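I have placed the structure first, in the form of structure tokens, so that the comments after it can refer back to it.
The values are calculated or read from the model by the stated rules, or taken from the named source; none is laboratory data. Model, not experiment: these values are computed from the prediction. Here the Cβ positions follow ideal geometry from the backbone for every residue, glycine too, while neighbour counts run over all protein chains shown. To get the accessible areas, we keep the full protein, side chains included, count just its heavy atoms, and leave off ligands, DNA and RNA. Shrake-Rupley method; radii C 1.70, N 1.55, O 1.52, S 1.80 Å.
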Amino acid sequence: SSDLGWVKDNLFEHIQSGLLKFYRTRHPKTWCAARAKNICHRAATGQVLCNLDSDVFIPYDFPYYLRSKMRDGKTIMAFPSKDIYGNDGTAGMVVVQRHHFEAVNGYDESLTLGWTCEDMHLQYRCRMHNKLNLLESKPLCFVLPHSNAVRLANSCDKNIKECYEQGEADL
């Protein structure tokens, strides 16, 4: 498939070095954010997990910032919905310690939407179960602007308004 060819052509050295892990599945046929994020978080090797969507760019010193904020072991971090330029798209960033993530079995894959609110749902469940403090970060990152049609292209849901409404109902 073309995506596998692109990965091999452009990222092979990073996969071989261990810097990048590449996982691919053919099931389900449509993308579901909660499932994709669980796969990534469970494949990660660190003790602090950060969800970083593919359309978000982080500053060079971002890992150091996260480490400084997560030292107390009783914090979950969330980011504002708008980036440093006012573009929507950074609300999906969540930072949590692995043991807190595992205590709630990660993202809730029973949420039927392909996209929206799974991150807020995870934050809430982690905070309540683990008695965590919520640290809402200032905007630090920026988003590659794109349309909602692109955002939902591989999702099981194609209507952004319905996604938001169902996501809020799930919360």
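Among A78, A91, A43, the residue with the largest mean-square fluctuation in a Gaussian network model of the chain, with springs joining Cα atoms closer than 10 Å, is A43. Where only DSSP H runs of four or more residues are counted, the chain gives -12000 deg cm²/dmol as its mean residue ellipticity at 222 nm, each run worth -39500 (n - 2.57). Note on the chain: GNM, Cα springs under 10 Å; of V150, V94, V48, the largest mean-square fluctuation is that of V150. Evaluating 6.51 cos²θ - 1.76 cosθ + 1.60 at θ = phi - 60° for every residue in segment 25-32, the Karplus couplings come out as 9, 9, 10, x, 6, 9, 7, 10 Hz, glycine and proline recorded as x.
Hydropathy at least -1.0 by Kyte-Doolittle, axial extent at least 18 angstrom from the Cα trace: which helices of the chain, defined as entire DSSP H runs, fit? Show your work: numbers first, answer last.
On the way: long enough: 2-17 (23 Å, -0.53).
Within the chain the helices that satisfy the rule are 2-17.
For the chain, modelled as a GNM whose springs connect Cα atoms under 10 angstrom apart, the maximal fluctuation among R26, R35, R71 occurs at R26. Put simply, the amide H of W31, placed in the peptide plane, has neighbours under 5 Å in S155, C156, leaving out anything fewer than 5 places away on its chain.
So, with +1 on the Cβ of K and R and -1 on the Cβ of D and E, and no other charges, what is the size of the charge dipole of the chain about its Cα centre, to the nearest 20 debye? Kindly include the intermediate steps, with their values, before the conclusion.
Values: 21 positive and 20 negative charges, 103 e Å.
Here the size comes out at about 500 debye.
Please give the net charge around V96, taking every other residue with its beta carbon less than 12 angstrom from that of V96, where Lys and Arg add +1 and Asp and Glu add -1. Result for the neighbourhood of V96: +4. Would you indicate which of [x] -0.35, -0.73, -0.84; [y] -0.27, -0.59, -0.70; [z] -0.32, -0.70, -0.82 is the value of log10 I(q)/I(0) by the Debye sum over Cα atoms at q = 0.09, 0.13, 0.14 Å⁻¹ derived from the coordinates of this structure? Entry [z]. Heavy-atom accessible area for T30, with the other protein chains in place and a 1.4 Å probe, reaches approximately 60 Å². With θ taken as phi - 60° and the Karplus curve 6.51 cos²θ - 1.76 cosθ + 1.60 applied, the whole-hertz 3J(HN,Hα) list for segment 134-142 is 9, 10, 8, 6, 6, x, 10, 10, 9 Hz, x standing for glycine and proline.
For segment 1-70, report the translational diffusion coefficient in µm²/s to the nearest whole number, using Stokes-Einstein at 20 °C, 1.002 mPa s, and a Kirkwood Rh over Cα pairs.
Details: Rh = 14.4 Å.
D, rounded to a whole number, is 149 µm²/s.
The chymotrypsin sites (Phe, Trp or Tyr not before Pro) found in segment 1-34 that occupy coil by DSSP, while having at most 13 further C-beta atoms within 10 Å, are F22, Y23.
Accessible area per residue for the chain in Å², computed with a 1.4 Å probe and the full protein assembly in place, what is it?
Details: 10620 Å² over 171 residues.
It amounts to 62 Å² per residue over the chain.
Considering only alpha-carbon pairs that sit under 8 angstrom and 6 or more positions apart, the relative contact order computed for segment 4-155 is 30 percent.
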